[in-house]
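Read-outs throughout are calculated quantities, based only on the coordinates presented, and are distinct from any laboratory measurement. This structure is a prediction, so every number in the text was calculated from the model and none was measured. No Cβ is skipped: glycine too gets one built from the backbone with ideal geometry, and neighbour counts run over all protein chains shown.
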């Protein structure tokens, strides 16, 4: 917000840092992470969870592709 032609540098800097944080935190570049549903370590093996989980509010949009 600009009030009296002064910038709030704290807010601008915090926004810039937060927007540049990685979306997926991994321990190494080749790490596959863990399953968000069951917590299986994907480096050790695959899980049987449904990978195509769709938000129930957006399911109707899937019918447009059929």
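Values for this structure:
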| read-out | value |
| --- | --- |
| Computed label-point distance, nm, for sites residue 28 and residue 41 using a 7 Å Cα→Cβ extension | 1.1 |
| In degrees, nearest ten, helix 9-19 long axis to first principal axis of the chain (Cα) | 10 |
| Distant alpha-carbon pairs in the chain (separation over 13 angstrom), percent | 78 |
| Rounded FRET efficiency, nearest 0.05, which uses the C-beta distance separating residue 17 from residue 49 and R0 of 30 Å | 0.40 |
| CD proxy at 222 nm, helix term only [per DSSP H run n ≥ 4: -39500 (n - 2.57); per residue of the chain; nearest 500] | -6000 deg cm²/dmol |
